[in-house]
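S.K.: Supplied in structure tokens, the structure appears directly below.
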Amino acid sequence: MGLNQPEQPLNLTLHDLSTQSLDQEMKDHLYITRQETTSTIDALITELEEEDGKEPDPEVVTIGPGTDRVTDPCLLKTDLSMGLTDEEVLSSRRKFGWNSLKEERCSPILKFVMLFIGPVQFVMELSTLLAAGLRDWIDFAVIWGLLLLNAIVSFGQEYHADNIVNDLKKTLALKATVIRNGQRKEIPAEDVVPGDVIEVEDVGICPPIWPIESADFLQGTIIPADAIIVTPSAHLQVDQSSVTGESLAVDKYAGERCFASSAVKRGSAQLVVTLIGDHTYVGRAAALVNQASQGKGHFTIVLGRISMILLILVLITLFIVWIACFYRSSHIIDILEFTLAITIIGVPVGLPVVVTTTLAVGASLLAKKSAVVQKLTAIESLAGVQILCTDKTGTLTRNKLTLGDPYTAPGVDKDDLMITACLAANRTRKGMDAIDRAFVKSLRFYPEAKRQIPSYALVEYHPFDPVSKKVTAVVEASDGTRVICVKGSPIVALNTAMEDGSIPDSIIDAYNSKVKEFASRGFRSLGVARKCEAGSWELLGIMPCLDPPRFDTASTIKEAQHLGLSIKMLTGDAIAIAKEAARQLGLGTNIYKPEELGVTGAGDLPGSEVNDFVEGADGFAEVYPEHKYAVVERLQNRGYLVAMTGDGVNDAASLKKADTGIAVEGASDAARSASDIVFLAPGLSAIVDAIKASRQIFHRMYSYVIYRIALSLHLMLFFGLWIVTLNRSLDLRLVVFLAIGADIATLAIAYDKAPYSSTPVKWNEPKLWGIAVILGVVLAGGSWLALGTILVYGEGGGIVENFGARDMVLFLEIALTQNWLIFITRLNPDIESSGWKQRLPSLKLFLAVFLVDVAATLACGFGVLEHPRTSFVAVIRVWVFSVGVSVVCAIMYLWLAQAQWFDDVMHGRSFRHKSRERSWEDFSKLDPELAEF
């Protein structure tokens with residue numbers, strides 16, 4: 001293999017250890033090896049520690065019972081020596097197709113064009129036609145610019161989701177070695193059919209010796225399809241990390257299933273293909289992803305409803321205006337100008353732009369917290385998440401197999417146990433499995449063991465095998481004493497030590513009791529025993545192996561719970577491991593197997609009871625992609641906003657289905673593509689920080705949406721009533737400037753200060769609309785009051801004071817009140833702020849509004865677009881009047897925002913009914929009989 005392999009160890013049997021002697025050459029070899037070990041053991045530990053995070057230590061994943069075994073013996077009728085014939089291959093391909101994943105891709109051009117289709121888009125496009133007909137090229141350019149900007153941003157957000165199947169394809173094999181027509185041949189992986197005999201093998205393993213080998217470890221065959229091992233004595237170690245996302249070499253034996261895209265790390269065998277293409281484990285994950293991608297995002301639905309309601313109000317206003325114009329026999333040009341003015345002020349053309357900008361700025365802030373946002377609307381969903389479904393390995397835990405506190409037999413020192421366990425290990429860095437790496441790295445906590453190990457030289461080594469279920473090493477101490485070191489299954493280690501009957505019953509009973517205790521806690525335990533030359537066997541103890549929680553996970557979970565999140569664990573590990581992890585982290589221990597979900601046909605619970613079952617569970621263990629998908633779907637059916645974390649191909653479907661899919665650190669390409677947010681930092685702490693930031697972003701968007709609705713209602717009421725009653729309106733060019741100025745000023749809300757809510761946030765649409773309508777009415781009343789003074793006292797009277805024209809004064813009044821409204825709606829009395837400074841607007845927002853106000857004031861004072869100048873006195877009067885209108889708006893907003901009665905009214909809840917319920921509850925507390933009645 002081109003590796004620098006040391007000399008082979010002596011081929012000694014255990015029976016001959018006490019009598020066989022070494023020649024001088026071999027003794028010299030052992031002495032040299034001993035000296036080399038002294039200089040390299042510390043370097044080995046250091047190098048293994050440096051690999052943490054780059055090559056994470058795996059933990060044990062337990063595959064669900066009954067899911068690995070042969071389910072259809074008819075597929076295994078192929079003659080293993082002959083394989084399939086050409087005729088059988090063609091017949092199978094006609095029936096099952098090619099071994100590839102189906103791909104449903106939409107033309108990018110068509111996808112982009114579809115972004116211009118929709119009710120609001122149609123109205124905006126109609127407005128451009130009206131503007132072109134009136135030769136109002138400013139309106140034409142502005143509206144088309146907004147349409148293109150929204151389409152480009154939306155196209156960029158969604159484009160990455162189309163690449164999920166491609167990312168899944170990357171994990172599949174390109175070639176396969178099969179037996180056909182009695183000959184061994186290599187074919188493209190897509191040519192594999194059910195019934196094919198495929199051969200898999202690793203690339204070899206370095207022999208065990210202390211000195212560090214520099215050669216890279218090569219990965220073995222990638223399995224091209226789901227297949228069953230048919231070699232009777234086969235023992236494979238299969239890396240399923242591309243499928244499950246967890247770095248684990250799973251032991252596979254004859255009759256067990258291997259998944260497509262898995263890699264053989266150790267062993268060789270023949271397999272018979274049972275499933276190909278879309279029917280494989282990976283294929284089902286891809287199908288679930290396509291199924292999950294059909295729904296719309298939560299935020300898209302909310303904005304769609306708001307836009308549709310405003311559009312309906314615009315159409316109603318236009319209908320009334322057209323009727324009035326019809327009875328007045330107004331000129332068609334005037335009608336078109338009125339129509340364009342109402343459309344510009346009523347349809348929220350700037351709403352998507354401001355919201356997108358706010359989300360984009362928020363995404364850049366989240367990027368500083370190691371969160372890469374791939375879908376901007378996911379920020380809003382994350383702010384409202386009520387349930388977080390999280391994987392265990394690598395998210396709640398370190399994904400580092402670690403040794404726990406060992407159990408030692410009476411009279412045995414922990415260092416003795418550690419020395420024996422490390423001697424019975426593969427000590428070549430590239431050949432170590434997860435357990436050997438954990439033992440060697442833990443030597444830094446056992447300085448005495450680390451000091452003594454170099455004094456032993458390896459004589460013979462028997463690696464772990466599925467028959468003996470133990471590792472046996474024969475070593476020689478510096479004084480020439482031979483020692484047999486055994487490490488393996490606790491029961492096997494006990495049986496080995498009991499061969500000579502030297503173990504007392506009390507030690508055996510205590511040992512078995514500890515084995516049961518460790519098993520109940522989900523630990524992977526290893527028994528350790530030894531026998532010195534001419535001595536009897538010693539049972540040293542048990543070393544538990546576990547994947548420990550991350551140091552910050554427990555505190556982060558408490559903080560998440562304080563933020564109103566319910567956390568559910570979904571893991572492929574055994575249920576005992578999941579419960580132990582939940583116990584250590586302070587999560588609930590109501591963790592179940594997924595049979596009752598009814599995904600695979602199992603489970604007797606009806607639909608409603610299954611939903612209750614999922615809602616009440618703290619988590620599920622031994623789950624597969626279908627189970628994760630079902631959990632997310634059932635929680636969503638109950639009305640919850642659900643976030644899902646994951647890192648493997650098996651998580652892709654549930655990540656796509658969740659309201660917010662989160663790919664954790666080290667996630668596979670498929671998981672990243674299916675996710676809305678990708679975290680670059682490990683653990684839950686980054687997720688909690690992102691939730692806080694997203695709630696701040698939500699507060700900004702909520703404030704702007706109220707502002708934008710109120711603004712549209714204000715101008716529709718004012719201009720609509722003005723046109724209907726007086727057949728007059730503001731100069732259309734000034735209307736355009738009002739719309740542009742309002743959106744330019746509020747773009748800075750993306751940089752505004754904002755508190756975060758201590759509970760999940762949501763769109764309280766009835767209350768939102770109630771507040772916005774009242775604010776719109778107040779603003780419209782203020783504008784009508786300003787216009788009324790001019791109408792009562794004549795064109796040069798009222799607020800103008802004989803110096804200035806009506807249009808410019810109304811333009812300034814509307815510009816000031818609508819810009820200041822954003823300062824009001826950004827206040828939220830329901831959220832506790834960290835101080836008065838948090839209540840103040842940011843400098844960027846203040847300057848943006850101030851500059852627009854200054855521009856409007858100068859335009860009014862000096863006159864623009866052929867409008868005359870306005871006196872300084874009149875400008876001051878308009879400012880004072882606008883301040884008064886804004887004060888009234890602020891009082892109304894703060895009163896209604898924290899009034900429970902107003903919320904009840906907007907939701908249609910009856911006061912009388914609530915008071916009766918409250919009185920009855922008080923009575924029932926006093927009289928138990930009434931409560932029972």
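Laboratory data are not the source of any read-out in this text; all were calculated from the coordinates shown. A quick note: this is a predicted structure, and the numbers were derived from the prediction, not measured. A quick note on method: Cβ atoms are made from the backbone with ideal geometry, for glycine too, and the neighbour counts reach across all protein chains shown.
S.K.: Full extension from Ala510 to Val113: what is 0.36 nm times the residue separation minus their Cα-Cα distance, to one decimal in nm?
M.R.: Gain on extension, Ala510 to Val113, equals 135.6 nm.
S.K.: Another question about this same structure. Pull out the extension gain between Ile323 and Asp415, defined as 0.36 nm times the separation in residues minus the alpha carbon to alpha carbon distance; nm, one decimal.
M.R.: Taking 0.36 nm per residue and subtracting the Cα distance, the gain is 23.6 nm.
S.K.: Next up: First check a/c for the stretch 711-755, with a ≥ b ≥ c the square roots of the eigenvalues of its C-alpha gyration tensor; if it is under 1.5, answer rounded, and if not, answer prolate when a/b is larger than b/c or oblate otherwise.
M.R.: oblate
S.K.: Sorted by packing (mean other beta-carbon atoms within 10 Å per residue), highest first, where do 383-392, 315-324 land?
M.R.: Packing proxy ranking, top to bottom: 383-392, 315-324.
S.K.: For Ile333 and Leu791, what does the FRET efficiency come to when R0 = 25 Å and r is the distance between their Cβ atoms, rounded to the nearest 0.05?
M.R.: 0.55
S.K.: Work out how much length Ile316 to Leu894 would gain on full extension: take 0.36 nm times their residue separation and subtract the Cα-Cα distance, in nm to one decimal.
M.R.: The span from Ile316 to Leu894 would gain 205.1 nm if fully extended.
S.K.: Here's something else I'd like to know. Work out the length of the dipole vector of the stretch 621-761 about its Cα centre, built from +1 on the beta-carbon of each Lys and Arg and -1 on the beta-carbon of each Asp and Glu, and round it to the nearest 20 debye.
M.R.: 620 debye
S.K.: Then there is this: Hey, which of these cross-link pairs are over 22 Å Cα-Cα: Lys392/Lys762; Lys392/Lys450; Lys441/Lys516; Lys400/Lys487; Lys441/Lys558; Lys579/Lys628?
M.R.: Lys392/Lys762; Lys392/Lys450; Lys441/Lys516; Lys441/Lys558
S.K.: Can you put Ile435, Ile662 in order of Cβ neighbours within 10 angstrom, beginning with the fewest?
M.R.: In increasing order of surrounding Cβ atoms, one gets Ile435, Ile662.
S.K.: Next up: Assuming R0 = 45 Å, can you tell me the calculated FRET efficiency for the pair Asp79 and Ala519, based on Cβ-Cβ distance, to the nearest 0.05?
M.R.: Efficiency, from the Cβ-Cβ distance: 0.60.
S.K.: Follow-up question, since we're still on this one. If packing is taken as the average count of other Cβ atoms within 10 Å, what order do 452-460, 361-369 fall into, highest mean first?
M.R.: Going from most to least packed, we get 452-460, 361-369.
S.K.: Quick one: the Cα spread of the stretch 637-722 along its three principal axes, in angstroms, biggest first?
M.R.: Principal axes ranked by extent give 61, 26, 25 Å for the Cα atoms.
S.K.: For an R0 of 30 angstrom, estimate the FRET efficiency from the Cβ-Cβ distance between Arg728 and Phe850 and round to the nearest 0.05.
M.R.: Here the calculated transfer efficiency is 0.45.
S.K.: Something else: Going by average Cβ neighbours within 10 Å, how do the peptides 883-895, 844-856 rank, with the highest at the top?
M.R.: 844-856, 883-895
S.K.: What ranking of His235, His331 emerges when the number of other C-beta atoms within 10 Å of each C-beta is taken as an exposure proxy, fewest first?
M.R.: Sorted ascending by nearby Cβ count, the order is His331, His235.
S.K.: For the stretch 693-707, what does the Karplus curve 6.51 cos²θ - 1.76 cosθ + 1.60, with θ = phi - 60°, yield as ³J(HN,Hα) per residue in whole Hz, taken in order and with x for Gly and Pro?
M.R.: Whole-Hz 3J(HN,Hα) from phi for the stretch 693-707: 5, 5, 5, 5, 5, 4, 4, 5, 5, 4, 4, 5, 5, 4, 4.
S.K.: Obtain the nm distance between the two label points defined at Lys368 and Arg451 by a simple spin-label model: each point lies 7 Å from its Cα along the Cα-to-C-beta direction.
M.R.: The answer from the label model is 5.1 nm.
S.K.: Arranged by the count of other C-beta atoms within 10 angstrom, fewest first, what order do Asp612, Asp573 take?
M.R.: Asp612, Asp573
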